[in-house]
Amino acid sequence: MDSVPSTDRGGIGYLPSAAETLMKLVVTGPFGVGKTTLIRTLSEIETLHTEEAMTQAGEGLDDTAGLPEKTTTTVAVDFGRLTVQDDLVLYMFGTPGQERFLPLWEDIARGALGALVMVDTRRLEDSFAVMDMVEEQGLPYAVAVNRFPDAPAHPDEVLRKHLDLDPATPLVQCDARERRGSIDALIALAEHALTRLPAPQEAS
Amino acid sequence: MTPGPGRRLIPAYLVTGGRSTPSGPALDRLAVLLRTDAELPPGAGTEQRRLCGLLDPGALTVVECAAHLELPVSATVFLATDLVASGHLRARPPIPRAGEIDRSLVERLLVGLRSLH
Ligand SMILES: Nc1nc2c(ncn2[C@@H]2O[C@H](COP(=O)(O)OP(=O)(O)OP(=O)(O)O)[C@@H](O)[C@H]2O)c(=O)[nH]1
Ligand SMILES: [Mg+2]
């Protein structure tokens, strides 16, 4: 991979100076479920990624002084950006749903509006662990069922039952390659996040 | 790329805390970095030059800088922190700061998303 020369001003996609408010959400789910595809569909900049070095550590995490046999591995986090209004920009981070990556996940999810948990109907159970993880963190989430052509189609109600979804949790079926449905998934998440925020302080 | 099964993996920077912690809280990955007018000294390092060069034409978040420079976010945070301290960059905390999402913000987000339909 070659680095981006500093003279390349074309492809970078600098932030407009009006972009004052930056929000973020997390797109998560099992391997190959379509996280990157959804982000690519929505992003106004070419999808970017960072490599985060991960250290395997045991129980004594606080004992940072001596990690005897730490092994390091690298996890790619990809992300994209969507200007929603002139001054409001939404960042979407695609993070692996594995429980082992929880600390990285938490680091990225801190301050996020919520999470979009992606599901493949051919392997619903692969998303269970991710949903547990998101629920444990108390992050508002919506489920986006990514429709693959060769995957069986099911009515929402059947999927909700199999996923054991709370009635309040939104479920959206989409094709991550299509913009409209992907935006609908974001809208469902944002609407849900809104219901989780304290009501406006009207006269009591 | 895919690590084998096993114990939970920790981002390296969270374990080590990096080198001696720079003053002040770590920059958020969505902190916005801007170049100032201050010129880099002749002795400035390659990575410092690359980051300042990247930001010469415009502003980017920390995580975007990391991606363009192909550096880990943690390394970019350290570089940027030093360059802010030396006056070569300015950093603007993300708005809202973590945990400060309120209804009016989400309502504006919704209006914007619906208009993108
Ligand atoms: N037919 C169809 N294919 C899709 C859809 N979304 C993703 N794909 C394909 O499925 C494959 C995996 O998609 P990715 O977006 O890379 O999935 P991911 O979740 O980012 O995968 P990892 O990062 O490896 O965990 C790719 O070959 C996509 O082209 C979809 O909605 N419909
Ligand atoms: Mg991916």
Notebook entry, point to check: With respect to the numbered conditions (1) within 7 Å of chain B (Cβ to nearest Cβ); (2) modelled with pLDDT of 95 or more; (3) under 19 Å from the mean Cα position of the chain (by Cα); (4) open to solvent by 10 Å² or more (accessible area, probe 1.4 Å), which one is the sole condition not fulfilled by A:THR41?
Noted result: (1)
Check: What number of residues within the range B:54-78 satisfy the criterion of being more than 16 Å from A:GLU52 (Cα to Cα) and of a type in the set (A, V, I, L, M)?
Finding: 4
Item checked: Of all residues making up the range A:161-179, the number that are under 15 Å from A:VAL33 (Cβ atoms) and not in a loop (DSSP other than H, G, I, E, B) -> 5
Check: Name the pairs: first residue in the range A:75-94 and within 8 Å of chain B (Cβ to nearest Cβ), second residue among the polar types (S, T, N, Q) and within 11 Å of ligand 2 (Cβ to nearest atom), Cβ to Cβ under 7 Å, at least 6 apart or on different chains?
Finding: none
Note to self: Step by step: first the residues of the range A:30-56, then only those that are of a type in the set (Gly, Ala, Ser) and on the phi < 0 side of the Ramachandran plot, then the one that is farthest from ligand 2 (Cβ to nearest atom). Which residue is that?
What the structure shows: A:ALA53
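Per-residue answers, yes or no, for (1) within 18 Å of A:ARG40 (Cβ to Cβ); (2) outside any helix (DSSP H, G or I); (3) at pLDDT below 95; (4) more than 16 Å from ligand 1 (Cβ to nearest atom):
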position	(1), (2), (3), (4)
A:LEU104	no, no, yes, no
A:MET118	yes, yes, no, no
A:ASP126	no, no, yes, no
A:ALA129	no, no, yes, no
A:ASP150	no, yes, yes, no
A:HIS154	no, yes, yes, no
A:LEU159	no, no, no, no
A:GLY181	yes, no, no, no
Check: Within the range A:80-91, which residues are touching a Ser or Thr at 6+ places or on another chain (Cβ under 7 Å) and not in a loop (DSSP other than H, G, I, E, B)?
Finding: A:GLY80, A:ARG81, A:LEU82, A:LEU88, A:VAL89
Next item on the list: List the number of the failed condition for B:ALA59; all other conditions in (1) open to solvent by 20 Å² or more (accessible area, probe 1.4 Å); (2) within 28 Å of A:VAL84 (Cβ to Cβ) hold.
Entry: (1)
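This table checks each residue for (1) more than 18 Å from B:ILE95 (Cβ to Cβ); (2) out of contact with any Lys or Arg (no Cβ under 7 Å at 6 or more places or on another chain).
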site: B:LEU27; (1), (2): no, yes
site: B:LEU34; (1), (2): no, no
site: B:PRO41; (1), (2): yes, yes
site: B:ARG49; (1), (2): yes, yes
site: B:LEU55; (1), (2): yes, no
site: B:GLU64; (1), (2): no, yes
site: B:VAL73; (1), (2): yes, no
site: B:VAL77; (1), (2): yes, yes
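Output the number of residues of the range A:101-138 satisfying the condition of being of a type in the set (Lys, Arg) and closer than 29 Å to B:ILE95 by Cβ.
Kept after step one, since they are of a type in the set (Lys, Arg), are these residues of the range A:101-138: A:110, A:122-123.
Those still in the list that are closer than 29 Å to B:ILE95 by Cβ too: A:110.
Looking only at that region, the number is 1.
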Next item on the list: Considering only residues that are away from chain B (no Cβ under 14 Å) and touching a strand residue (DSSP E or B) at 6+ places or on another chain (Cβ under 7 Å), look in the range A:159-174 and name the one that is farthest from A:ALA193 (Cα to Cα).
Entry: A:LEU159
Item checked: the range B:87-100 residues that are on the phi > 0 side of the Ramachandran plot, paired with ones that are modelled with pLDDT under 95 (beta carbon under 6 Å, 6 or more apart) -> B:GLY99/A:GLY111
Check: Residue check: is B:GLY53 outside any strand (DSSP E or B), at the interface with chain A (Cβ under 7 Å from one of its Cβ atoms), more than 11 Å from the chain's Cα centre (by Cα) and more than 19 Å from A:VAL89 (Cα to Cα)?
Finding: yes
Checklist line | Members of the range A:21-50 found to be assigned to a strand (DSSP E or B) and within 13 Å of ligand 1 (Cβ to nearest atom), listed by number | finding: A:VAL26, A:VAL27, A:THR28, A:GLY29, A:HIS49
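The values are calculated or read from the model by the stated rules, or taken from the named source; none is laboratory data. Since the structure is predicted, the reported quantities are computational estimates derived from the model, not experimental observations. Because the Cβ atoms are built from the backbone with ideal geometry, glycine has one as well, and the counts that use them run over all protein chains shown. When the accessible area is computed, the model is the full protein with side chains, heavy atoms only, and any ligands, DNA or RNA have been set aside. Shrake-Rupley method; radii C 1.70, N 1.55, O 1.52, S 1.80 Å.
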